[in-house]
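Trainee: I'd like to ask you about the structure that follows.
The values are calculated or read from the model by the stated rules, or taken from the named source; none is laboratory data. Source: prediction; values computed, not measured. Cβ atoms come from the backbone with ideal geometry, glycine included; neighbour counts cover every protein chain shown.
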Amino acid sequence: MAEAAIESAPARPRRPFLSPLNQRRLQNFKANRRGYWSLWIFLFLFVLSLFSELIANDKPIIASYK
C-alpha cells in the first residue's frame with residue numbers, strides 16, 4: 001500500500017538549470033570564440049596549478065640534477 005502512495009504522487013515540474021536570460025548570456029559568451037577558448041585555457045592552467053606542488057617540489061618526479 002505504501003508503494004501505491006509513492007507511485008501515485010504527482011511529479012514535480014522541473015525547473016530549468018538556467019533562467020532564459022542566463023541561457024541567452026551563455027549563448028552570447030559561447031559565440032565569442034576568443035573568450036570561450038580563453039576560459040577553457042584558463043581553467044586548464046588553473047587545474048594544472050592545483051597539482052603544481054606534486055609537479056615541481058623539492059623532489060621532482062621528472063627532472064633530476066647531479
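Trainee: If only one of Ile41, Ile61 is among the aliphatic types (A, V, I, L, M) and modelled with pLDDT under 70, which one is it?
Mentor: Ile61
Trainee: Could you tell me which residue of the stretch 46-58 is modelled with the lowest pLDDT, considering only residues that are surrounded by 10 or more Cβ atoms within 10 Å (Cβ to Cβ) and assigned to a helix (DSSP H, G or I)?
Mentor: It comes out as Ile55.
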